[in-house]
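S.K.: The structure's right below; bear with me while I get my questions together.
The values are calculated or read from the model by the stated rules, or taken from the named source; none is laboratory data. Computed from a predicted structure; not experimentally measured. Cβ sites come from the backbone with ideal geometry, for glycine too, and all protein chains shown count toward neighbours. The area values use the complete protein model at the heavy-atom level, side chains included, leaving out ligands, DNA and RNA. Shrake-Rupley method; radii C 1.70, N 1.55, O 1.52, S 1.80 Å.
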Amino acid sequence: MIRFFVVLAMIYFGLFVSHEAYAKTYEIMPNESLQQAIDRANDGDTLFMKKGIYKGAIHLDKSLHLVGEKGVIIDGEKKGNVVTITASNVTIENVTIRGSGGKEAGILLQNASQVVVRNNRIEDVHYGVYVEKGEQTRLIDNHISGRNVHFSKRGNGIHLFRTTKSEVNGNTITNVQDGIYLDWAKKTTITKNHITSSRYAIHFMYADGGEVTENDLTENITGLMVMATKNINIIKNTIEKQLDYRGYGVLIYDSDAIVVSDNELFYNSTALSLQNARNCVIQGNLISANHTAVHSLYENKGTTISENAFLGNVTETKIQGAPLHFDNGIKGNYWDTYRFYDLNGDGIGDSPHKIRSLYNRLLRQWPSVQFYFQSPALALLETTESFFTQAPALGEDRFPLVSSPYVRQTEEKRSWGLFAFGSILLTFSLWMFQYGRRMR
Amino acid sequence: MKTAMKYQWMMMIRSKWLISFGVLFTILAAILVGSSGNESFSGFARSTAALLNLSLLLIPLVTLLTGSLFLSGEKEDGRLALLLTYPISTRALIGGLYIGSFLSLLTVISFGYGGASIVLFLIGGGWSSFFFLSFFLTVLLAGIFLAISMFIGLYTSNRLQAIGVSLLIWAFFVLFYEFFIVGILSMVPKGWVLPLFALSIIMNPVELVRVWTITAMKSGTIFGPQLYEWTKWAESMNGQFVFFGVACIWMVIPLIFANFLIKRGNRDA
């Protein structure tokens, strides 16, 4: 029995030692072939790349840890995918990857799980990172930028296809077609990414379950595009300046149980569009200074919009589908256009906020009326109509809040330029008055 | 020309009418910018739209009324006949009267914008390039309608007629014009939409300034998908120059007609 344990201990120790002996770190110089170094290495080894340019695409089929010194570039020379990973437990970090083929990726992951792609620069590529199947892929703190062509000719920054539990965190993505495209990618966590100049910043297709938090989506055609997807939480994101006429801050299309809460939707052409969005919760967002705050098409069954703050939007709603629920039965939203009082002091206005718009009705009949958006004549007519109209409301907030549930943090913005402008004009006009009166 | 200019300037700036308008404009502008002081960014938002609409509604009205009333009043009281005895050409007379009135209006508009800016500054607002743009275009709008008002003033025979014609023209340009265009648009084939819009902008200075302001702020996307290509062009340098050119034409043509009217009047007399 004792002998048995001794043998076992020896085997175990032997294994341990041999494993130690295996996990080596190799240094690689730019004049060596990176692919040959990979071929020589064994599972668990670390390849440390010295500064310089490594030409040619590589294929990682072992569980290696690839680390670059500052200034390491892997150049795919515009042929195929630059880095192809087909093994699990690979980590690649601190390198610049550039020059994929016409329709290929900077990094392609195929059936590889627990891969970590961290702190890389990926540029001049069609796709940034293309993940095809695999679990728990972690894409962290990468900079991805596509080619400078029209977005219809670009690939996606991060493309997740049939993955589960991936994590996309802290990436900066610009100049791509879709920033992050989730195609049948389940339970993905997307946090603190910064996406600009893309078609859709984040695009869900059949990608159920997942969290989208604290991302910054600015100047894309559309910020968040959620299609045919269930159970996504979209929380605390900043969605700004999606100003294209075709674009939306957030578009929820044919989807179920999407939660959009505590986001800031600021200065978009249309902040939020609901088109067959079922059982969604739109709550506690700041929806401010958009051309149109809420747009709807079709029937949005069971969706409630409550406790949001609507501030300074040019048009609050453009409702082209069934009426929307602008309260959850207890609380509504804060509208800065609401003009009634709260005499019983319960924080809820004493009369419902009715949304009716002559402009909406005209627009449905003649789309060209859009040209006269907020023009003096239409604005005047709309104001007049709001006093007298008997027109049916397009939506109704039965419990409008009288104070904003959301306060936008603003820094001190008092500007002396404004003071200078004002005083110059005032001085000028007063001097002119004086001069004119004293004349002759 | 200088005499005529000085005369007109003196007469207008001493008018209580114009001063009370200046104060009213200042108060309204201050209320508008003050009540929406929480947005400071350079794009087209509700506060911007409101300020723009204030200018588009009030400036043509006041300019038309003051300009035409002064001239028709001069005519009615016989002072214009007196001016015509001066040894100056009719062109210099028209130019002088125009510049004199324009300076008075500029004074009032400066007062309004200056006052509103100071109010916004006091409540802690930020600078937006919209103020400058809006000021510039408002002055231009006043310049255009002043030219039209001079023509009206010379065409009509007394003050009452001048008021009537001014109000009618104001209502047409500011209130009815858009519905009129929408009415036509609903009847014509689709291909005509763009040329018709382009024509409608050229034919109405209020539209011109409205579209110009919005495109100069690069917010043309609010015009919608149908006019996307046109908006791109309008926002470009070329487009902006064309706007300026059309504005100049709008100032010059009524003055030429006014000059023609005076000359004809001279021959008749």
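S.K.: Ignoring ligands, DNA and RNA, how do A:280, B:248 rank by accessible area with a 1.4 Å probe, largest first?
M.R.: B:248, A:280
S.K.: I would also like to ask the following. Aspartates and glutamates within cross-link reach of residue B:190: Cα-Cα under 16 Å, excluding same-chain residues under 8 positions apart?
M.R.: Qualifying aspartates and glutamates at Cα under 16 Å: B:229.
S.K.: About the Cα centre of region A:246-384, how large is the charge dipole given +1 on each Lys and Arg Cβ and -1 on each Asp and Glu Cβ? Please answer in debye to the nearest 20.
M.R.: 560 debye
S.K.: In addition: Nearest 100 Å² is fine: what is the total accessible surface buried where chains B and A meet, probe 1.4 Å?
M.R.: Buried: approximately 5400 Å² between A and B.
S.K.: A follow-up question, please. Give a residue-ordered list of calculated ³J(HN,Hα) values for region A:235-241 (Karplus: 6.51 cos²θ - 1.76 cosθ + 1.60, θ = phi - 60°; whole Hz; x for Gly, Pro).
M.R.: Per residue, the Karplus-derived 3J(HN,Hα) values read 9, 6, 8, 10, 10, 10, 6 Hz.
S.K.: Another question about this same structure. Which values, in whole Å and largest first, are the semi-axes of the equivalent ellipsoid of chain A obtained as the square root of 5 times each eigenvalue of the Cα gyration tensor?
M.R.: Working: eigenvalues 585, 157, 82 Å².
Here the semi-axes work out to 54, 28, 20 Å.
S.K.: Largest first, please: the extent of the C-alpha atoms of region A:92-173 along each principal axis, to the nearest Å.
M.R.: 32, 25, 18
S.K.: For region A:30-198, what does the relative contact order come out to in percent, with C-alpha contacts under 8 Å and a separation of six or more?
M.R.: Values: 566 pairs, mean separation 23.3, N = 169.
Averaging sequence separation for qualifying contacts and normalising by length gives 14 percent for region A:30-198.
S.K.: At a 1.4 Å probe radius, carbon and sulfur cover how many percent of the accessible area of the protein assembly as shown?
M.R.: About 60 percent, which is the carbon plus sulfur part of the accessible surface.
S.K.: Would you mind computing, in nm to one decimal, how far apart the modelled labels at residue A:420 and residue A:39 are, each placed 7 Å from Cα along Cα→Cβ?
M.R.: My value for the distance between the label points is 6.7 nm.
S.K.: In whole Hz, with x marking every Gly and Pro, tabulate ³J(HN,Hα) for region A:317-324 from phi via Karplus 6.51 cos²θ - 1.76 cosθ + 1.60, θ = phi - 60°.
M.R.: So the J values, rounded to whole Hz, are 9, 9, 9, 10, x, 5, x, 9.
S.K.: Can you tell me what percent of all Cα-Cα pairs in region A:212-362 are more than 23 Å apart?
M.R.: Distances greater than 23 Å cover 30 percent of the Cα pairs.
S.K.: May I ask for the net charge around residue A:113, where only other residues with Cβ less than 10 Å from the Cβ of residue A:113 are counted and Lys, Arg are +1 while Asp, Glu are -1?
M.R.: It works out to a net charge of +1.
S.K.: Another question about this same structure. In degrees from 0 to 90, rounded to the nearest 10, what is the angle of the helix A:2-22 Cα long axis to the longest principal axis of chain A?
M.R.: 70 degrees
S.K.: Okay, moving on. Can you give me the Kirkwood hydrodynamic radius for region B:68-169, using every pair of distinct Cα atoms, in Å to one decimal?
M.R.: 15.5 Å
S.K.: Further question on the same structure: What net charge is computed for the residues neighbouring residue A:138, neighbours being all others with C-beta under 13 Å from the C-beta of residue A:138, Lys and Arg scored +1, Asp and Glu -1?
M.R.: The answer is -2.
S.K.: Continuing with this model, one more query. Send over the per residue convex hull volume for region A:30-198, Cα only, as a whole number of Å³.
M.R.: On the way: hull volume 15.0 nm³, N = 169.
Dividing the Cα hull volume of region A:30-198 by its residue count gives 89 Å³.
S.K.: Would you work out the charge dipole size for region A:30-198 about its Cα centre, treating the Cβ of every Lys and Arg as +1 and the Cβ of every Asp and Glu as -1, and quote it to the nearest 20 debye? The partial results should precede the final answer.
M.R.: Working: 22 positive and 18 negative charges, 70 e Å.
It comes to approximately 340 debye.
S.K.: Per residue, how many Å² of accessible area does region A:30-198 show with a 1.4 Å probe?
M.R.: Each residue of region A:30-198 exposes 40 Å² on average to a 1.4 Å probe.
S.K.: Also, quick follow-up: Taking the 0 to 90 degree range and rounding to the nearest ten, how far is the long axis of helix A:376-388 tilted relative to the main principal axis of chain A, both from C-alpha atoms?
M.R.: 70 degrees
S.K.: Before anything else, pin down the relative contact order of region A:186-291: Cα pairs under 8 Å, at least 6 apart, normalised by residue count, whole percent.
M.R.: Result for region A:186-291 is 22 percent.
S.K.: Still on this structure: For chain B, take every pair of Cα atoms, bin their distances at 10 Å starting from 0, and report each bin as a whole percent.
M.R.: 7, 28, 32, 23, 10, 2, 0
S.K.: Which FRET efficiency value, to the nearest 0.05, do you get for residue A:322 and residue B:3 by plugging their Cβ-Cβ distance into 1/(1 + (r/R0)^6) with R0 = 51 Å?
M.R.: 0.15
S.K.: Using the structure shown, list the pairs from A:103/A:133; A:192/A:236; A:62/A:192; A:24/A:62 with a Cα-Cα distance above 21 Å, or answer none.
M.R.: From the list (A:103/A:133; A:192/A:236; A:62/A:192; A:24/A:62), the Cα-Cα distance tops 21 Å for A:62/A:192.
S.K.: Let me ask something additional. Equivalent-ellipsoid semi-axes (√(5λ), Cα gyration tensor) for region B:161-234, whole Å, largest first?
M.R.: Equivalent-ellipsoid dimensions as semi-axes: 25, 17, 8 Å.
S.K.: Which order do you get for A:79, A:62, B:16 if you rank them by accessible area with a 1.4 Å probe, largest at the top?
M.R.: Values: A:79 140, A:62 40, B:16 170 Å².
Sorted by accessible area, descending: B:16, A:79, A:62.
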